[in-house]
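The values are calculated or read from the model by the stated rules, or taken from the named source; none is laboratory data. Bear in mind the structure is a predicted one, so any value in this text is a computation, not a measurement. With ideal geometry, Cβ positions are generated from the backbone for all residues, glycine too; neighbour counts draw on all protein chains shown. Accessible surface is based on the protein model in full, side chains and every heavy atom, while ligands, DNA and RNA are left aside. Shrake-Rupley method; radii C 1.70, N 1.55, O 1.52, S 1.80 Å.
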Amino acid sequence: MTLDIEPEEGQALAGEAGADDVALTPAARLAGYMRGGGIVVPLLTVVFAFLLAGLVVLITGHNPLTVYKAIFNGTGLNWLFPWTSSADRTTAALNLQQTLIVTTPLILLGLAVAFAFRCGLFNIGGQGQYIVGTVFAVWVGSSFSGMAAVPHILLAVAAAMLGGAVWAGIAGFLKAAVGTHEVISTIMLNWIATWVGIWLFSLGGPLQNPHRSSVPISNDIASNAHLPVFWGDPELQGLHIGIFVALAGLVIFWVILNRSTLGYEVRAVGLNPEAARYGGISVGRNYVVVMAICGAFAGLAGSMDILGWQFRLNTNDIQAGNYGFVAIAVALLGRSTAVGTAASALLFGALITGTSQRNLDPTIFPPELAGNLSYIIQGLVILFVSADVLVLALLRRGGGLLRFGRRRARQPVAQEAKAR
């Protein structure tokens, strides 16, 4: 059964900004504001972020335009331009492969945050769910070495998704059962996942590589569990098929939200849980299901990295990873939509790759500073998105005060008419 709750022009859903006499949750207001503004506001957000970051570059004594050009070339996106010389195309292809490898988990983790937003939830636990996914993927991938390639890959991916779903489902269950705020529970679950993962692969840990007893690292996954590389040299981290998995995740995200009964319920709960409950929708069940789906997306992201290019996991990987937190900016900038999340993930993936010490020309800008520049731009994007939400909120409040003033102005006229 397919349901659609998109309002007609000039109408508003119950619980949506603009509908009178319905109390909205703060999460519903934030979700509504993030979906407003179309494509113009996100583009302006990015432009302002790069302008301010350019001032930081200028303060350091470098030319912002030259630095941004070097970062752009480091992303490999210049490979798409026909005027790139043949001598530069090989390097550009290698860089673009790295950009898309980074973009793959960012898309899936962005969906893990965006899907929760659409239900009025804040999934801050993408990093923990990603770690759980990597642990299950490396465990299954390094076992069953005699299994055929396709079932081995599918089993490792399924285990990672299941692990992430269960881990995120804990936060959803706590929210539904006792009202625990998902921000608190997911943050705590992040730390639990981090330290349990470190314990598993630390010296003497249960999943540490027994052949490298002095190194806190896992077993290598079996060669038949590697994701196929379709562009580039597998020995040089060529682009694997995980990018297509991420694109398929975008389609699944859109279909669930817009063409399914579950999507109807998710959006209804996100707009107003009390109205949804009055309409017969199980709010608690949706919280658990939505968080489980978010965790499945995040676990899938972890499996793509393990099976696609990492092939092993060590304690430094677990401690230094931050894709789950970058994904929050991805979802915010993408306004919790499939297309927006894809574009935002590509932007942040390009930033991470283009500012890396491996890709940025050190004669133009110190790579050790460029990594910080990437964090500055990410922070500015989040800041401007938050400012955008604040401005929209003030505008909505101003409109409400204006309507209230008009009603108060009409009251004396109505009273005078009754007196006559």
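Quick look at the numbers
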read-out: Residue 277 versus residue 203: modelled label distance in nm, points set 7 Å from Cα along the beta carbon direction; value: 5.3 nm
read-out: Charge context of residue 323, other residues only, Cβ under 12 angstrom, K/R +1, D/E -1; value: -2
read-out: Computed lengthening from residue 66 to residue 44, 0.36 nm per intervening residue step minus Cα-Cα distance; value: 5.8 nm
read-out: C-alpha center-to-center spacing [the stretch 208-265, the stretch 103-149] in angstrom; value: 9 Å
read-out: Label-zone membership for the stretch 235-262, site residue 148, 7 angstrom Cα→C-beta point, backbone N under 15 Å; value: none
read-out: Exposure ranking of 256, 107 by accessible area [1.4 Å probe, largest first]; value: 256, 107
read-out: Spacing of the two label points (7 Å from each Cα toward its C-beta) at residue 235 and residue 320, in nm; value: 2.4 nm
read-out: By accessible area with a 1.4 Å probe, ligands and nucleic acids excluded, highest first: order of 69, 175; value: 69, 175
read-out: 235, 368, 182, 265, reordered so the largest accessible area comes first (probe 1.4 Å); value: 235, 368, 265, 182
read-out: Hz values of 3J(HN,Hα) by residue in the stretch 134-150 - Karplus curve (6.51, -1.76, 1.60), Gly and Pro given as x; value: 5, 5, 5, 5, 6, 5, 6, x, 8, 9, 6, 4, x, 6, 5, 4, 4
read-out: For the stretch 265-320, alpha-carbon Rg and Dmax in angstrom; value: 17.4, 49
